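What follows is a set of notes on a single structure, which appears directly below.
The values are calculated or read from the model by the stated rules, or taken from the named source; none is laboratory data. Model, not experiment: these values are computed from the prediction. In this analysis, Cβ positions are derived from the backbone assuming ideal geometry, glycine residues included, and neighbour counts consider all displayed protein chains. The area values use the complete protein model at the heavy-atom level, side chains included, leaving out ligands, DNA and RNA. Shrake-Rupley method; radii C 1.70, N 1.55, O 1.52, S 1.80 Å.
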Amino acid sequence: MVFPEYRPRRMRQNETFRTLIRETSLSPGQLVYPLFVMPGKGKREEVPSMPGVYRLSVDQLKKEAKSCLDVGVRSVILFGLPEKKDPMGSGAHAQHGIVQKAIAELKNSVPEMTVITDVCLCEYTDHGHCGCLNGHDVDNDTTLELLARTALSHARAGADMVAPSDMMDGRVSEIRSTLDENDYHMIPIMSYAVKYASAFYGPFRDAADCAPQFGDRRSYQMDPANSREALREATLDVDEGADILMVKPAVAYLDIIRQLRDEFDLPIAAYHVSGEYAMIKAAAQKGWIDGDRVMAETLLSIRRAGADIILTYFAKDMAKLLRQ
Ligand code: PBG
């Protein structure tokens with residue numbers, strides 16, 4: 001059936017028709033808002049390269065979490081800025097570490113908020129790498145134990161879900177067995193299964209003060225050129241017990257999100273990262289694009305590619321826009 005029998009414009013002629021046939025939806029409950037927590041009281045420091053994103057002390061974090069709930073965003077992911085860093089990243093699993101404190105206080109004062117934690121060492125090591133070193137190399141197997149300890153400390157503090165982002169081999173099974181041995185069978189693991197060595201993380205590294213002090217992360221994060229390897233990484237994490245598979249970054253990797261969606265039946269998450277946020281914000285501030293519309297179109301594209309969950313610095317803005 002071709003023109004003039006079939007006219008696609010028929011179903012585009014009014015908003016009710018368009019709504020009836022809309023294939024993809026976006027709702028606040030699918031969004032996860034990243035939060036950066038820092039020591040002190042009353043602290044609220046805007047990240048220069050991420051307008052609208054703040055590093056917050058715990059008291060301010062609670063306020064922020066409440067304002068998320070008010071617009072329907074029910075999940076946050078926490079990143080910590082510790083007081084001190086050391087070669088082993090011991091602040092990551094400290095019983096009274098910054099994230100552990102934040103989890104406890106959040107769950108205490110805003111219990112309806114789902115608290116996910118990023119499990120990695122890079123914010124806690126003085127060299128800025130995601131694990132402990134052996135010479136100039138990140139030592140995979142000794143790092144595993146530290147990651148598992150970190151995940152366990154988050155669970156003990158009351159976290160609802162843990163999300164390892166380090167890209168060490170075998171970390172999902174190590175974390176799963178440590179959580180299980182300690183009776184945290186019900187804490188899900190959202191694995192950063194497919195995480196690329198990306199320049200889009202630049203603003204985050206300013207926010208979390210975790211740029212590597214030498215070298216780069218290409219010996220553990222993935223080569224942006226590879227997609228078959230993404231499937232292999234995801235298969236490993238499924239076998240090791242991941243509950244959710246994440247792709248990161250999002251927009252430059254929509255094809256990878258789609259491949260994972262088609263290949264696996266687990267929920268898929270996508271991290272719309274700091275650089276992706278910063279570019280939209282900057283162009284909008286210059287008046288070169290309509291920031292709200294580009295935000296909505298971008299997040300919709302990530303859902304259309306196949307992501308169930310989107311981690312994004314736009315979570316609150318998008319949720320507000322959806323309410324209008
Ligand atoms: C920690 C981590 C990073 C991000 C999330 N977890 C930084 C990195 O790997 O360098 C990036 C998030 C963003 O850019 O928004 N390993």
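Observations on the model:
- Residue within the range 261-268 that is of a type outside the set (Gly, Ala, Ser), under 21 Å from Asp118 (Cα atoms) and modelled with pLDDT under 95 present: no
- Selection within the range 41-65: residues that are in a strand (DSSP E or B) and either free of Cβ contacts under 8 Å to residues at least 24 places away in the same chain or not charged (D, E, K, R) (or both). The member of this set that is least open to solvent (accessible area, probe 1.4 Å) is Leu56.
- Residue list for the range 102-147, restricted to those being surrounded by fewer than 18 Cβ atoms within 10 Å (Cβ to Cβ), at pLDDT 95 or above and small (Gly, Ala, Ser): Ala104, Ser109
- Residues considered: Met38, Met88. Of these, the only one that is open to solvent by 50 Å² or more (accessible area, probe 1.4 Å) and away from the ligand (no atom under 13 Å from the Cβ) is Met88.
- Pairs where the first residue, in the range 81-100, is at pLDDT 95 or above and the second is aliphatic (A, V, I, L, M) and open to solvent by 40 Å² or more (accessible area, probe 1.4 Å), C-beta under 8 Å, 6+ apart: Pro87/Leu133
- All of (1) within 16 Å of the ligand (Cβ to nearest atom); (2) open to solvent by less than 10 Å² (accessible area, probe 1.4 Å); (3) closer than 12 Å to Val32 by Cα hold for Val99 with one exception: (3).
- If the condition is being over 15 Å from the mean Cα position of the chain (by Cα), part of a loop (DSSP other than H, G, I, E, B) and at negative phi, then the range 273-299 contributes Lys286, Trp288, Ile289, Asp290.
- Single match in Val99, Val73 (criterion: part of a loop (DSSP other than H, G, I, E, B), within 20 Å of Met190 (Cβ to Cβ) and not aromatic (Phe, Trp, Tyr)): Val73
- One residue stands out among those in the range 194-228 that are among the basic types (Lys, Arg) and either buried (at least 19 other Cβ atoms within 10 Å of the Cβ) or within 16 Å of the ligand (Cβ to nearest atom) (or both): the one that is modelled with the lowest pLDDT, which is Arg205.
- Filtered residues of the range 175-195 (kept if among the β-branched types (Val, Ile, Thr) and part of a helix (DSSP H, G or I)): Ile175, Thr178
- Extreme residue, most open to solvent (accessible area, probe 1.4 Å), among residues of the range 229-267 that are farther than 21 Å from Glu174 by Cα, among the aliphatic types (A, V, I, L, M) and away from the ligand (no atom under 15 Å from the Cβ): Leu254
- The set of residues in the range 304-324 being closer than 13 Å to Thr24 by Cβ, assigned to a helix (DSSP H, G or I) and open to solvent by 40 Å² or more (accessible area, probe 1.4 Å) consists of Arg304 alone.
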